[in-house]
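Bear in mind that the values in this text are calculations on the coordinates, not laboratory data. This structure is a prediction, so every number in the text was calculated from the model and none was measured. FYI the Cβ positions are ideal-geometry reconstructions off the backbone, even for glycines, and counts take in every protein chain you see.
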2 protein chains.
Amino acid sequence: MTQKDDFDLREFLPYLLNQAAEISSQSFQRIYKGRYGMLRTEWRVLFHLAIYERMTAKDICEKAIMHKTKVSRAVQRLEQRRYLQRKPDEKDRRHEWLTLTSQGRAVYEDLRAHAQQHDQVLMQKLSIEEITVLRRALNALSQP
Amino acid sequence: MTQKDDFDLREFLPYLLNQAAEISSQSFQRIYKGRYGMLRTEWRVLFHLAIYERMTAKDICEKAIMHKTKVSRAVQRLEQRRYLQRKPDEKDRRHEWLTLTSQGRAVYEDLRAHAQQHDQVLMQKLSIEEITVLRRALNALSQP
DNA sequence: TGGTAATAGTTGAAAATGTAACTAACAACC
DNA sequence: GGTTGTTAGTTACATTTTCAACTATTACCA
């Protein structure tokens with residue numbers, strides 16, 4: 001198993017990004033999955049609603065860059081668990097406004113604390129300068 | 001949809017990493033999916049075999065940090081398309097040595113060219129310094 | 001006003017993934 | 001040599017995701 005080719009996977013950004021994303025998500029996944037049986041799509045929707053307070057599914061699709069069926073199903077499951085409420089828009093009944101319940105907000109607060117703690121651990125692998133540049137670069141790469 | 005909370009998702013590394021990984025993989029995905037109907041797991045296995053020439057499934061699991069069932073199924077599909085060959089190890093018949101066929105190598109050459117081109121496009125979003133730091137940081141975060 | 005197009009969101013079937021249990025081969029120990 | 005444990009890899013089943021088709025509502029425009 002000796003390297004032959006001059007092409008190095010460890011320089012190919014989509015590969016590297018995926019690897020890093022996968023690994024650095026794992027321990028946070030254990031939290032939201034273990035404590036609340038949630039999926040990645042679900043904590044994402046939950047966090048968006050906590051941060052922006054009031055959104056439609058469409059808004060979440062755009063902000064989180066998730067497909068509408070993913071969002072739709074995540075919303076369903078969050079609703080079943082009474083983490084969020086839906087209210088149809090009065091003027092345009094195609095829209096549904098989503099807001100967290102107090103229970104949903106409580107779950108968010110708990111997960112957020114863990115998220116921040118998790119982030120601290122990750123950042124210990126990097127220098128301050130690396131963190132700054134990394135965030136900037138990741139944001140740049142996140143623009144489609 | 002105004003931001004309320006002080007917690008910013010755009011600073012949470014697992015989120016950011018996932019976003020960047022997702023978006024920056026998309027156009028490469030169109031290539032390997034469109035041209036060869038391949039999955040992400042499959043191009044990864046293909047690339048590893050092209051680069052390291054001769055590996056067992058276990059080797060690939062470790063290098064690519066993929067679960068053995070993912071690798072097993074990717075290998076199956078690549079074999080069906082005659083992109084790789086299996087040879088049981090003489091001394092320990094639990095191991096199977098995997099190598100690309102010439103057809104597999106041809107597919108790799110094609111995809112690699114596209115990968116490199118794609119990487120160039122991505123890197124245009126970043127400065128030289130950002131790229132260096134980014135790669136270093138991503139490698140650091142990829143250590144479990 | 002009526003017909004067509006566009007938009008928000010849902011659903012069902014197919015494909016892919018994750019989990020755990022499984023087989024086959026070898027190792028180690030008595 | 002036979003029992004037990006370990007390892008490489010596969011398979012079966014449940015869970016998720018994807019893709020395309022669908023409903024319901026509003027917008028556009030002749």
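Between A:R81 and A:H114, what is 0.36 nm times their sequence separation minus the Cα-Cα distance? Round to one decimal in nm. The partial results should precede the final answer.
Working: separation 33, 0.36 × 33 = 11.88 nm, distance 2.04 nm.
In short, 9.8 nm is gained.
Could you tell me how far the Cα centroid of the stretch B:56-99 sits from the Cα centroid of the stretch A:56-124, in Å?
40 Å
Going by alpha carbons, how many degrees (0 to 90, nearest 10) lie between the helix axis of B:13-36 and the longest principal axis of chain B?
Taking the Cα atoms of chain B, the angle to B:13-36 is about 50 degrees.
Binning every alpha carbon pair distance of the stretch B:1-71 at 5 Å from zero, what are the percents per bin?
Spelled out bin by bin, the stretch B:1-71 gives 3, 13, 17, 15, 18, 12, 7, 6, 5, 2, 1 percent.
Give me the dipole magnitude in Debye, nearest 20, for the stretch B:9-49 about the Cα centre, with unit charges on the beta carbon: positive for Lys and Arg, negative for Asp and Glu.
Working: 6 positive and 3 negative charges, 39 e Å.
So the dipole magnitude of the stretch B:9-49 works out to roughly 180 debye.
With a point put 7 Å past each Cα toward its Cβ, work out how far B:R93 is from A:E53 in nm, to one decimal.
Inter-label distance under the simple model: 7.0 nm.
Within the stretch B:85-144, report the GluC sites (Glu not before Pro) that DSSP leaves as loop and that have at most 11 other Cβ atoms within 10 Å.
Details: sites: B:E90, B:E96, B:E109, B:E129, B:E130; in loops: B:E90.
Passing both the DSSP loop test and the Cβ count: B:E90.
Using only Cα atoms and rounding to the nearest 10 degrees, what angle (0 to 90) does helix A:102-123 make with the longest principal axis of chain A?
Taking Cα atoms only, the helix is inclined about 10 degrees.
Kindly put B:S27, A:S102, B:S142 in sequence by how many other C-beta atoms sit within 10 Å of each C-beta, fewest to most.
Numbers: B:S27 15, A:S102 9, B:S142 20.
The order, fewest Cβ neighbours first, is A:S102, B:S27, B:S142.
What nm value, rounded to one decimal, do you get for the distance between A:Q26 and B:Y36 when each label is placed 7 Å out toward the C-beta?
2.7 nm
Roughly how crowded by other chains is peptide A:122-130, in terms of the mean Cβ count from those chains within 10 Å of each of its Cβ atoms? Spell out each step's value before the answer.
Values: counts 6, 2, 0, 7, 6, 4, 0, 2, 6.
Counting Cβ atoms of other protein chains within 10 Å of each residue's Cβ and averaging gives 4.
Any idea what the dipole of chain B comes to, in debye rounded to 20, about its Cα centre with Lys/Arg Cβ at +1 and Asp/Glu Cβ at -1?
Numbers: 26 positive and 19 negative charges, 163 e Å.
In debye, rounded to 20, chain B gives about 780.
Once the dipole of the protein assembly as shown is set up with Lys and Arg at +1 and Asp and Glu at -1 on Cβ about the Cα centre, which of A:S24, A:V75, B:H48 lies farthest towards its positive end?
My answer, from the dipole projection, is A:V75.
Using alpha-carbon pairs under 8 Å, 6+ residues apart, how would you state the relative contact order of the stretch B:55-105 in percent? Intermediate values should be presented prior to the final figure.
Values: 54 pairs, mean separation 17.9, N = 51.
Across the stretch B:55-105, relative contact order equals 35 percent.
Just want to confirm a number: the relative contact order over chain A, from Cα pairs under 8 angstrom separated by 6+ residues, in percent. If you can, show how the numbers build up before the last one.
Numbers: 104 pairs, mean separation 28.6, N = 144.
Contact order relative to length: 20 percent.
By the scheme Lys and Arg +1, Asp and Glu -1, what is the net charge of all other residues having a beta-carbon under 9 Å from that of B:A140?
Numbers: positive: A:K125, B:R136; negative: A:E130.
Within the 9 Å Cβ shell, the charges total +1.
Considering the Cα positions of the protein assembly as shown, please state its Rg to one decimal place and its Dmax as a whole number of Å.
Rg, Dmax (Cα atoms, Å): 21.2, 74.
Count, for each residue of B:23-29, the Cβ atoms from other chains sitting within 10 Å of its Cβ, then give me the mean as a whole number.
Working: counts 8, 10, 6, 3, 2, 4, 1.
Mean partner-chain Cβ count within 10 Å for B:23-29: 5.
Would you please state which residues of the stretch A:99-123 a label at B:Q3 would reach in this model, taking the label point 7 Å out along Cα→Cβ and a backbone N cut-off of under 14 Å?
From the stretch A:99-123, the list is empty.
To the nearest whole number, what is the average tally of beta carbon atoms from other chains within 10 Å of the beta carbons of peptide A:42-53?
Details: counts 0, 1, 4, 0, 0, 5, 2, 0, 4, 9, 6, 5.
Neighbouring Cβ atoms belonging to other protein chains average 3 per residue here.
Could you state the angle between the C-alpha long axis of helix B:40-52 and the longest principal axis of the C-alpha atoms of chain B, as a value from 0 to 90 degrees rounded to the nearest 10?
60 degrees
Where both residues lie in the protein assembly as shown, what percent of DSSP beta bridges are antiparallel, nearest 5?
Details: 12 of 12 bridges.
Of the beta bridges lying entirely in the protein assembly as shown, close to 100 percent run antiparallel.
For the stretch A:17-128, how big is the tail of P(r) above 15 Å, as a whole percent of Cα pairs? Could you put the intermediate results ahead of the total?
Numbers: 4090 of 6216 pairs.
Distances greater than 15 Å cover 66 percent of the Cα pairs.
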